[in-house]
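The values are calculated or read from the model by the stated rules, or taken from the named source; none is laboratory data. Note that this is a predicted model, so its numbers are computed, not measured. Here the Cβ is made from the backbone with ideal geometry for all residues, glycine too, and neighbour counts use every protein chain on show.
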Amino acid sequence: MTTQLAAYTTSTGEAFQFWVLATVAVIGALCTVFMKKAVHSALCLAGTMIVLAVFYLANGAYFLGIVQIVVYTGAIMMLFLFVVMLVGVTAADSLRETIKGQRWLALLCGVGFGVLLLGGIANASLKDFDGIGKANAGGNVEGLAALIFTRYVFAFEITGALLITAAVGAMVLTHRERTERARTQRELSEQRVREGKHVPPLPAPGVYARHNAVDIAGLLPDGTPSELTVNKTLRDRGQIRDVSDEALSDLKALEQRAAERLERAEDERPTHKRTEEASK
Amino acid sequence: MNPVNYLYLAALLFTIGATGVLIRRNAIVVFMCIELMLNACNLAFVTFSRMHGNLDGQIIAFFTMVVAAAEVVVGLAIIVSLFRTRHSASVDDASLMKL
Amino acid sequence: MENLIALLIAAPLLGAAVLLCGGRRLDAVGHWLGTLLAGLSFVLGVVLFTDMLGKAAGQRAVTQHLFSWIPVAGFQADVTFRLDQLSMTFVLLITGVGSLIHLYSVGYMEHDERRRRFFGYLNLFLAAMLLLVLADNYLLLYVGWEGVGLASYLLIGFWQHKPSAATAAKKAFLVNRVGDMGLSIAIMLMFTTFGTFAFVPVLHSADSAGEGKLTAIGLMLLLAACGKSAQVPLQSWLGDAMEGPTPVSALIHAATMVTAGVYLIVRSGAIFNAAPDAQLVVTVVGAVTLLFGAIVGCAKDDIKKALAGSTMSQIGYMVLAAGLGPIGYIFAIMHLVTHGFFKAGLFLGAGSVMHGMNDEVDMRRYGGLRTYMPVTFVTFGLGYLAIIGFPGLSGFFSKDKIIEAAFAKGGAEGWILGGAALLGAAITAYYMTRVMIMTFFGEKRWQPDEQGNEPHPHESPGVMTIPMIVLAVGSVFAGGFFSIGDRFVHWLEPVTGHAEGNSPVSAMTVTVATLVLLVVGAGIAYAQYGRRPVLAVAPRGSLLTRAARRDLLQDDFNHVVLVRGGEHLTRSLVYVDHTLVDGVVNGTAASVGGLSGRLRRLQNGFARSYAVSMFGGAAVLVALTLLMRAV
Amino acid sequence: MSFPLLTATAALPAVGALATAAVPAARRTTAKWLALTVSLATFVLAAVIAVRFEPGGARYQLTESHAWIKDFGVRYELGVDGIAVALVALTALLIPFVILAGWHDADPMETGSRRWRPTQGFFALILAVEAMVILSFEATDVFVFYIFFEAMLIPMYFLIGGFGDRAHEHGEKAASTQRSYAAVKFLLYNLAGGLIMLAAVIGLYVQAGNFSLPEIVQARASGSLHMATSTERWLFLGFFFAFAVKAPLWPLHTWLPNAMGEATAPVAVLITAVVDKVGTFAMLRFCLQLFPEASKWATPVILVLALISIIYGALLAVGQRDIKRLVAYASISHFGFIILGIFAMTSQGQSGATLYMVNHGISTAALMLVAGFLISRRGSRLIADYGGVQKVAPVLAGTFLIGSLATLSLPGLAPFVSEFLVLVGTFTRHPAIGIIATLGIVLAALYTLVLYQRTMTGPVKAEVAEMPDLRVRELLVVAPLIALLIFLGVYPKPVADIVNPAVRQTMSDVHQTDPQPKVEAAK
């Protein structure tokens, strides 16, 4: 393998591996961009990254290949997933463009840039491949370590400082210091009474056992769903499941069946126009 | 196969990532696209390292990873706090200008 | 002795300063102070005159250098006075007539609450007029020239509460300014030609300059003279100037200031002598004005305006004479002096009439006043005889000489000019007889005014009649005194030079023709106004009469062309300034604003938009890099 | 080292400005007296300069020179020639009158707020303007000049925008809008000019390597500093543009009527009599000396523009309905005369132009301040609102008349001397332009006399019937100015003697000699 890497051309095996995995990587990248849900995007990206890790290994960057899998795919992508969960797994991002001309401009720039880049690479005289063999002679990790702790030690130290700073920064950004005393239960209830809004506790969400009940808005007496019943976080994520339509269609079916059984006339059937309108 | 194909792949991935940044509105996905672009760069660095027969390209890719990690940490923290205040992860909502 | 020259001017100047700055405390004595200082100036003039008489004819001119006025490289203007026979004549006329009119004004302005100020202005006028005639260079003369213009402005507009007076004052100043423009251009021309504008060097080296240059200077001087002396085409202000108090009309607009133009031409004789074209224009202007003024004088019913027309006409005679060159200079000045006497007398008489008639000026409301105010009648009558050239009186001698000189010009020009002068004499006799008859003869025609105050004609107090008597004596005897033995010619000859013309007609013929025409003119007037009752309301009259009443439509021309045209011009310029000049700047600002408004849309606040432009920029950079490599 | 007289003359009002601004809110009168005292003391210093200055001596006298920014060759260099002495004296002379005339202009409408101190600000700003104007007259370093030339815009901006006439035909709000419009217009015009000049200043530095006026002039004269013709022309235009805006020359004049119309009369005097003089002064000192060839090259165009200014300004003055705007347009006409005199390139023209700057300062101050007193009595700037003032307030009318007569250059009053010199100077070289410019004196008579007639004469209008005559303070302002007008009209020799040598120098810098008379006059 070592000798092959030094060669001007690569082995057929690597070529095969490249073409297969490159296809996977490009598809993964495209899916990252075009998947509606952030979770799917994240998963596709993770796939691409793993493919890239394989390519690193194939290029003789053993250390980086492992790091790519462990740190990137393992840690960073998981961090992404955490955040996606926080922000809302199912929150679908509509792909409809709102800024006029943005999509076309973006595609134009993208295609143009890509063509230029590819053309540039094709133009470059990249015929001489030294191969990584000699550099990796003393072992890839040892070679990297020798460089990092000698020539790049300063950058390395600074990068360390950067990481610490980033960690602290993330803490600062996400942590909210309580600047005032937490209000007691009593004070909260007094305030509620004083404001005169929702003096009793908020209504409970719906209770359809078919779903995770907390994300289903409870229905008001007239059949309209009340968003108040759903937790604020879910409301913010837009993850309220509206079942009133289902409930109504169930009701409709029930009544139809009842009507059939009782052989009532069509026009005597009670209508739910108002609630239908409201639910829309 | 000429290893220069890795470079073509890197360029393609970079372009896809960049287009994604421009098209998507969800801040998290935008962020992922940026990661994609960084990874494409790393691939190019690694390939160059192989081309030139030294490890400096890999060192750069290594540093890129570290910095990307730091960036991701801070960036995600920003997204989270943004979401807390605005209840949205859309980058368009950050615009307060009137036209 | 020559150090007294400055005092001549200083006395009335001091009076003006004290009276104008002194405030109300001087109200009680102000008029006497003013009169005293004018008299003092006259006494100084007489002292200097006797001193001058004691010297030989060639050494009479004296100068007094006071200080260097404007010392700039190559441009030296000094405050230096020059007193020669010509200035002496004027000094005596100005201070003499001036003092008399001061005295007269004490009575005439008795009931005016601003009498102190009036005397201040009169003193200011005297000082400026003396400066004008005593200056030894044209720039200093210019100071006096504008100074009398200012005094005239202030005095015409003395009754400022009357809008007509204020307008007349403004008009007088403006028209004079046009003339002043001519004077300043003349001075500049002199400076570029001779490098100086003092009388002696300019006049002595006039011959060595080109004729074209001299003609230009002469014409510019003529323009100045036209403005100041109310000659065509700048004559329109004089009639309106009669809005001022009558003593002002007598002193400034009859006896002294308006003759300054004649002084200027005579003083600059050397320039005109070397520029025959300019001289010709001068004579033409004189002849035209002579007839113009006379015709206007025939049609006016306002006694002062009729006299103003007459003044214009008489100054036309003087300008005509001055344009004739050495054969006419001395007669121009002689007529100027005699005219100073009789016209001042006539105006004072008119003032006296108005004084007795509640300031009525319409002659159609007079009539039969000879019994009510005998002294005025007699003095006015003597002035009348003098002006029409009744044999033996002043006007006879001076006007006759001018007509002779006009014929002596020779050629067709001589005949035309002489004819015009003769015709003028006839018209003079006509309109003056008309004034005389309408005022003092016939039935009384006055009526109560709106308030029911019927005028009670009465003789004026002694303080007013004494000056009139003195002037009447002057009008009777001055001409004869000057002419006997050619006294006046010998007196002025060293300054102006003199030449006898070769008249194609004998002096006797001219005299006889003049007398015949005089009788004809007076006869027609008598036939029209003496034999028939004068209508209290003016008849419509012929086209010429109506045009003459309107100053031969000159004002209408001015109004339409200058006033209206000027108004339109300034209005449109104000508009242009606002829209065009300002508009270009504002438009630039607006278009920059519009452009930035459009550019602002690019900054829409969407991070992704900015990202696109960044990305596009990166693409362009890559393209450029590739291009650079390719090249 | 001798006492830095020039610095002291500028520093005194500057320190005075700070001190005046620091006076507590309640002590308004103290601030006024302080400002007046400082301005009088400055005048004493300016008089000392005038006395110490020797007309026959060196070109620049009382010089001071200290290194400032070594890397760019900027030196704090001061020095005065005759022209500068005359203008420093004029500035120092006028400021006390401006302060005295504006005694009550900045009194707060309602007392009460302790933080609101308009009075202190007003007088401090006036003193600040004085300091900067004096420094720009004294600076012989182009960079130092530029700094103060531009810096004086700041206090002027606040003076125009912050303090206007109380009364306005359309109410206080409209007045305030118009004021800020005028102030912004003033600022933008002058800033535009200043920025173009900055480019030229930098260009000059690139060419010459330092900013010192005497050194550059010396280097150019000795031939050690050669400039390409086109470079010189561009630099000249850069300088001239700024000065033409400041002066102002047609068609860059439109800011002046707005600024003078909206500002209070003392501030209007400050603009036209003091600040604008820096523009014409700088043409004489910088444009001509630094770029003699380009000056000659541009002369025909500039003369025509100046001529247009004269006639156009006068015609527009005739068409104005507003007293202060009328005076502003009259000033445009007069600035046309000054520029005409400068670029006539004759010693009469340039001496006349310098005298004109001084005389125009005094005469406009007299007319504008009296007009200000008039306006403050009636509360209107419109000519049509007046009539018959002469009857109720004869002293006011008399002083107004003298101011008007000075504006129309009546002989015997100071402006005549300078105007005639300018005309003669122009005429000797360019007869046609001289003759057309003479039309300006007729038009001047027209607009001043129409103004006087409409406001002062005629029947007394009901609104002015109760108008009080000039008070003692106002008389104290006007009387010395009028006395000065008469004195300088009769005996301008002291000023002319100071100015002449400097003009001779300037003429030789531009390599010009006066045209000689065609005929040698017999003595």
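Among the residues making up the stretch C:20-51, those that are under 30 Å from C:Ala77 (Cα atoms) and crowded, with 19+ Cβ neighbours inside 10 Å are C:Leu20, C:Leu37, C:Ala38, C:Leu40, C:Ser41, C:Phe42, C:Leu44, C:Gly45, C:Leu48. Between C:Lys162, C:Lys170, the distinction of being surrounded by fewer than 21 Cβ atoms within 10 Å (Cβ to Cβ) and among the charged types (D, E, K, R) belongs to C:Lys162 only. In summary, helices (runs of 4 or more DSSP H) completely within the stretch C:219-300 and bearing 2 or more residues that are over 19 Å from C:Phe173 (Cβ atoms) and at pLDDT 85 or above occur at C:246-250, C:260-267, C:269-273, C:276-299. Would you be able to say whether some residue in the stretch C:612-623 is surrounded by 14 or more Cβ atoms within 10 Å (Cβ to Cβ) and touching a Pro at 6+ places or on another chain (Cβ under 8 Å)? Taking every residue of the stretch C:612-623 in turn, none turns out to be surrounded by 14 or more Cβ atoms within 10 Å (Cβ to Cβ) and touching a Pro at 6+ places or on another chain (Cβ under 8 Å). When the stretch A:1-40 is filtered for residues that are hydroxyl-bearing (Ser, Thr, Tyr) and modelled with pLDDT under 90, the ones remaining, listed by number, are A:Thr2, A:Thr3, A:Tyr8, A:Thr9, A:Thr10, A:Ser11, A:Thr12. Taking every residue in the stretch A:195-206 that is free of Cβ contacts under 8 Å to residues at least 60 places away in the same chain and pairing it with any residue that is part of a loop (DSSP other than H, G, I, E, B), at least 6 positions away or on another chain, the pairs with Cβ-Cβ distances below 7 Å are A:Pro205/A:Ala217; A:Pro205/A:Val230; A:Gly206/A:Ala217; A:Gly206/A:Val243.
Conditions tested, residue by residue: (1) among the aliphatic types (A, V, I, L, M); (2) closer than 30 Å to C:Ser506 by Cα; (3) without any contact (Cβ under 8 Å) to a residue 40 or more places away in the chain; (4) crowded, with 23+ Cβ neighbours inside 10 Å.
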{"site": "C:Leu336", "(1), (2), (3), (4)": "yes, yes, no, yes"}
{"site": "C:Phe341", "(1), (2), (3), (4)": "no, yes, no, yes"}
{"site": "C:Gly345", "(1), (2), (3), (4)": "no, no, no, yes"}
{"site": "C:Gly367", "(1), (2), (3), (4)": "no, no, no, no"}
{"site": "C:Gly381", "(1), (2), (3), (4)": "no, no, no, no"}
{"site": "C:Tyr384", "(1), (2), (3), (4)": "no, yes, no, yes"}
{"site": "C:Pro391", "(1), (2), (3), (4)": "no, yes, no, no"}
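Screening the candidates A:Val214, A:Val172, A:Val141 for the property of being surrounded by 12 or more Cβ atoms within 10 Å (Cβ to Cβ) and either within 30 Å of A:Asp250 (Cα to Cα) or among the acidic types (Asp, Glu) (or both) yields one hit, A:Val214. Only one of the listed residues (D:Ala432, D:Ala397, D:Ala414) is among the aliphatic types (A, V, I, L, M) and more than 25 Å from D:Gly361 (Cα to Cα). That residue is D:Ala432. Here the condition is being under 25 Å from D:Val304 (Cα atoms) and surrounded by fewer than 24 Cβ atoms within 10 Å (Cβ to Cβ); of D:Pro257, D:Pro251, it holds for D:Pro251 alone. Consider B:Asn39 carefully, then state whether it is within 7 Å of chain A (Cβ to nearest Cβ), of a type outside the set (Asp, Glu) and in a loop (DSSP other than H, G, I, E, B). For B:Asn39, the condition - within 7 Å of chain A (Cβ to nearest Cβ), of a type outside the set (Asp, Glu) and in a loop (DSSP other than H, G, I, E, B) - is not met.
There is no residue in the stretch B:45-58 that is hydroxyl-bearing (Ser, Thr, Tyr) and more than 7 Å from chain A (Cβ to nearest Cβ). Of the residues making up the stretch C:425-473, just one is among the hydroxyl-bearing types (Ser, Thr, Tyr) and in a loop (DSSP other than H, G, I, E, B), namely C:Ser460. Somewhere in the stretch D:314-325, is a residue within 17 Å of D:Glu419 (Cβ to Cβ) and within 11 Å of another protein chain (Cβ to nearest Cβ)? Looking through the stretch D:314-325, at least one residue is within 17 Å of D:Glu419 (Cβ to Cβ) and within 11 Å of another protein chain (Cβ to nearest Cβ). Select from the stretch B:59-99 the residues that are over 24 Å from A:Met78 (Cβ atoms) and modelled with pLDDT of 90 or more and write down the one among them that is farthest from the other protein chains (Cβ to nearest Cβ). So the residue we want is B:Ile60. For the stretch C:130-160, filtering for residues that are among the aromatic types (Phe, Trp, Tyr), in a helix (DSSP H, G or I) and more than 30 Å from C:Thr192 (Cα to Cα) leaves 1. Restricting the stretch C:595-611 to residues that are surrounded by fewer than 13 Cβ atoms within 10 Å (Cβ to Cβ) and basic (Lys, Arg), the residue that is nearest to the other protein chains (Cβ to nearest Cβ) is C:Arg601. Does B:Ile16 count as more than 7 Å from every other protein chain (Cβ to nearest Cβ) and in contact with a helix residue (DSSP H, G or I) (Cβ under 8 Å, 6 or more places away or on another chain)? So B:Ile16 does not fit the description; no. Test D:Pro411 against the criterion of being facing chain C (nearest Cβ under 7 Å) and within 30 Å of C:Glu243 (Cα to Cα), and give yes or no. Against the criterion (facing chain C (nearest Cβ under 7 Å) and within 30 Å of C:Glu243 (Cα to Cα)), D:Pro411 qualifies. The residue list D:Glu293, D:Glu262 contains one member that is surrounded by fewer than 24 Cβ atoms within 10 Å (Cβ to Cβ) and more than 13 Å from the chain's Cα centre (by Cα), which is D:Glu293. Note on the stretch C:593-612: among residues that are among the aliphatic types (A, V, I, L, M) and modelled with pLDDT of 85 or more, the one that is farthest from B:Leu22 (Cα to Cα) is C:Leu595. Can we say A:Phe63 is within 10 Å of chain B (Cβ to nearest Cβ), in contact (Cβ under 8 Å) with a residue 60 or more places away in the chain, over 21 Å from the mean Cα position of the chain (by Cα) and part of a helix (DSSP H, G or I)? Spelling it out, A:Phe63 is indeed within 10 Å of chain B (Cβ to nearest Cβ), in contact (Cβ under 8 Å) with a residue 60 or more places away in the chain, over 21 Å from the mean Cα position of the chain (by Cα) and part of a helix (DSSP H, G or I).
Looking across the stretch A:63-86 at every residue that is at pLDDT 90 or above and within 12 Å of B:Phe62 (Cβ to Cβ), the one that is surrounded by the fewest Cβ atoms within 10 Å (Cβ to Cβ) is identified as A:Ile66. Say whether the condition of being touching a residue at least 40 places away in the same chain (Cβ under 8 Å) and more than 7 Å from chain B (Cβ to nearest Cβ) is met by at least one residue in the stretch A:44-55. No; the residues of the stretch A:44-55 include none that is touching a residue at least 40 places away in the same chain (Cβ under 8 Å) and more than 7 Å from chain B (Cβ to nearest Cβ). Close contacts from the stretch D:505-519, counting a first residue that is within 10 Å of another protein chain (Cβ to nearest Cβ) and in contact (Cβ under 8 Å) with a residue 24 or more places away in the chain and a second that is of a type outside the set (Lys, Arg) and outside any loop (DSSP other than H, G, I, E, B), with Cβ to Cβ under 8 Å and a gap of 6+ residues or different chains, come to D:Met507/D:Ser347; D:Met507/D:Gln350; D:Asp514/D:Ser347; D:Asp514/D:Gln348; D:Asp514/D:Thr428; D:Asp514/D:Met507; D:Pro515/C:Thr192; D:Pro515/D:Thr428. Test each condition in (1) in a loop (DSSP other than H, G, I, E, B); (2) of a type outside the set (Phe, Trp, Tyr); (3) surrounded by fewer than 14 Cβ atoms within 10 Å (Cβ to Cβ) for D:Val23 and report the one that comes out false. Only one criterion in (1) in a loop (DSSP other than H, G, I, E, B); (2) of a type outside the set (Phe, Trp, Tyr); (3) surrounded by fewer than 14 Cβ atoms within 10 Å (Cβ to Cβ) is unmet by D:Val23, namely (3).
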